[in-house]
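Just below is one structure, and these are the notes that go with it.
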Amino acid sequence: MAEAMKGLHRSHRCAELGMQDVGTQVTLMGWVQKQRNKGGIIFVDLRDRSGIIQIIFEESDCGAEHFAKAEKLRSEFVIAVVGQVEKRAGAVNENLATGGIEIRATQVRILSEAETPPFPIEADSRTREELRLQYRYLDLRRPDLQRNLILRSSIAANIRRFMTQEGFLEIETPILGKSTPEGARDYLVPSRVHPGSFYGLPQSPQLFKQLLMCSGFDRYFQIAKCFRDEDLRADRQPEFTQLDMELSFVDVDDVIDVNERLLQFVCKEAIGLEVQLPIPRMTWKEAMERFGSDKPDTRFGMELVNVSETVRGCGFGVFTSALEAGGSVRGINAKGQTGMPRKKIDALVEFAKGYGAKGLAYLAVQEDGSYKSSFAKFMTPEQLENLVKAMDGGPGDLLLFAADQNNIVYSVLGALRLELGEQMGLIDHDRFDFLWVTEFPLLEWSEEENRFVAVHHPFTMMMEEDLAYLDSDPGRVRAKAYDIVLNGVELGGGSVRIYQNEIQEKMFEILGFTKEEAHNRFGFLLDAFKYGVPPHAGLAYGLDRLVMLLVKADSIREVMAFPKVKDASCLLTGAPDAVDHVQLQELHLLTADCPQES
């Protein structure tokens, strides 16, 4: 039977104790990790969020009543223990922070008994994730998950500390707002008092933070909950947290400066990581041409090489037809992989097809200097030699080529580079490479919508020198946009905003919005701009992604308390779920199985 606290007060957490506390009487409370009964002596490992400490029960110390209680203890029982800190009598446990001490118990109270959990509560659990998420409250007792969330809390606290010192004001923006879909789908919330109308949950606080700049707050930040109704993957969730900020009277360099110092401060405080400043910068164009990605992993080489001119006019139709269609031929050099089995090369071809490739051409340079290739018979020895030279190839190298439109070639080789980097052990997983990617395209053509769409959002300012191309060649215009990348993962992105009315109207025109449509969607912001708006810019980080990378987790689910799975459902609570028809009627909604009133 569970006992009451009866005036007991916890004096310490388990792992807060050390050799300096030997001889001290303490009161600890937590969960039983395990109990070992050695006859006249019982050992209990007691766990709380700080760690584990060993408790010793002997009847001569605690009496028959408490010794009998200790005999009943099982894993996950919640107990309170009173005892004295002693230097450990046996061998020191080097794996525990408290491995040099133990608690000699004088009394124990069973505060709560526990059934046997459906999986062991231990670090690096091998239990399938679906079961762990179903019992997330048990999963969260695992020390590695607790460390992740404790670090996340520390990071959030240090962000607030830094931003406050830099003159930022923390201001909350609404969760219930207007649906302004331009990118991912919004989550919609029906209004009971406005039949047929809906709120949109924010994909970001974008419009409100720009309004705050109009209001004169100068520097704003918020650790904001955001929502996107999109397909999930390892680093995406339907609801996520971002560090959001906006600054007035600034340009690109000002935003980058404060954020570099923020990253340097947070990484040092969180994991002792020294971030060297300035963080390297790379234009979007250079990133795509060298790495095939707008978020390149720069921890290893194997960069893309454009061999279009080298193979132009050769006899291989795959290459020449791609060039005639306005595309390119590019390759990567897998150093030392000439002996890769054909079966593995075929697997790489299938991998490439998953990213839009029609195929993958290869050329293996044998140790004797001869070539083994899927296309050698279509090229002269001189052409092959020039191609190998252009790829910086030599004996032992495997050269892989993609030929298609640039966007497909980048996608294929960018993904293939990462795959081979992992397979070949080229990536140093203890390294942290930050990178700014700048000068993104302002617009991209959508075949589905048959119009240009904003790469970031409709309020992104373009490079001043590209303003002349807005009418004649919109796809050429570069944005004053910037992403911060860490180890091939986009941590965050932002831009300088349009604040001149005539440029904003031109942007809406290019995006295919009529003045009426633009006003219907964004009228409250456009109206605010009539009353004096400062030049402003901002940036937002995915806080979940930042923590995930700093703790070297494989998924943001490992740094979120209650994440959802791939279909956006919660295995713990069963959300989303059906609701009572009465609730639907109050919201003026009908579902397919909801009876309609006659």
Original post:
Quick one: in the range 49-67, which of the residues that are in contact with a Ser or Thr (Cβ under 8 Å, 6 or more places away or on another chain) and open to solvent by 30 Å² or more (accessible area, probe 1.4 Å) is farthest from I101 (Cα to Cα)?
Top reply: H66
Original post:
Just for the range 301-336: of the residues that are in a strand (DSSP E or B) and open to solvent by less than 50 Å² (accessible area, probe 1.4 Å), which one is nearest to Q405 (Cα to Cα)?
Top reply: S328
**OP:** Might you check whether a residue that is of a type in the set (K, R), closer than 19 Å to P143 by Cα and part of a strand (DSSP E or B) occurs anywhere in the range 45-65?
**Re:** yes
**OP:** Mind listing just one residue for me: the one in the range 429-473 that is open to solvent by less than 20 Å² (accessible area, probe 1.4 Å) and part of a helix (DSSP H, G or I) and, of those, farthest from L525 (Cα to Cα)?
**Re:** D466
Subject >> Residue list for the range 494-505, filter: outside any helix (DSSP H, G or I) and surrounded by fewer than 21 Cβ atoms within 10 Å (Cβ to Cβ) >> reply: Y499, Q500
Original post:
Any idea which of A347, A352 is hydrophobic (A, V, I, L, M, F, W, C), open to solvent by less than 30 Å² (accessible area, probe 1.4 Å) and either modelled with pLDDT of 90 or more or part of a loop (DSSP other than H, G, I, E, B) (or both)?
Top reply: A352
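Table: residues versus (1) polar (S, T, N, Q); (2) closer than 20 Å to M302 by Cβ.
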{"site": "A334", "(1), (2)": "no, yes"}
{"site": "T338", "(1), (2)": "yes, yes"}
{"site": "K343", "(1), (2)": "no, no"}
{"site": "Y355", "(1), (2)": "no, yes"}
{"site": "L360", "(1), (2)": "no, yes"}
{"site": "Q383", "(1), (2)": "yes, no"}
{"site": "L398", "(1), (2)": "no, yes"}
{"site": "F401", "(1), (2)": "no, yes"}
Original post:
Looking at A390, A376, A334, which one is under 17 Å from E419 (Cα atoms) and either touching a helix residue (DSSP H, G or I) at 6+ places or on another chain (Cβ under 6 Å) or among the aliphatic types (A, V, I, L, M) (or both)?
Top reply: A334
**OP:** Test R36 against the stated conditions and say whether it is farther than 14 Å from E102 by Cα and not hydroxyl-bearing (S, T, Y).
**Re:** yes
Original post:
If you check R36, R104, which single one turns out to be open to solvent by 60 Å² or more (accessible area, probe 1.4 Å), in a strand (DSSP E or B) and in contact with a strand residue (DSSP E or B) (Cβ under 8 Å, 6 or more places away or on another chain)?
Top reply: R36
Original post:
Among (1) in contact (Cβ under 8 Å) with a residue 40 or more places away in the chain; (2) small (G, A, S); (3) out of contact with any Asp or Glu (no Cβ under 9 Å at 6 or more places or on another chain), where does A2 come up short?
Top reply: (3)
**OP:** Please give the helices (runs of 4 or more DSSP H) falling wholly within the range 510-596 in which 2 or more residues are under 30 Å from D428 (Cβ atoms).
**Re:** 543-550
**OP:** Write out, first by first residue and then by second, each pair whose Cβ atoms fall under 6 Å of each other, whose residues are 6+ apart or on separate chains, and whose first residue, in the range 428-455, is within 17 Å of V255 (Cβ to Cβ) and in contact (Cβ under 8 Å) with a residue 12 or more places away in the chain while the second is small (G, A, S) and open to solvent by less than 50 Å² (accessible area, probe 1.4 Å).
**Re:** V437/A287; F440/A479; F440/A481
**OP:** Give the residue that is surrounded by the most Cβ atoms within 10 Å (Cβ to Cβ), with candidates limited to residues of the range 111-159 that are among the acidic types (D, E) and in a helix (DSSP H, G or I).
**Re:** D139
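The values are calculated or read from the model by the stated rules, or taken from the named source; none is laboratory data. As the structure is a prediction and not an experimental result, all values here were calculated from the model. Here Cβ is always computed from backbone atoms with ideal geometry, including for glycine, and neighbour counts include all displayed protein chains. Just the protein is used for accessible areas: all its heavy atoms, side chains included, with ligands, DNA and RNA removed. Shrake-Rupley method; radii C 1.70, N 1.55, O 1.52, S 1.80 Å.
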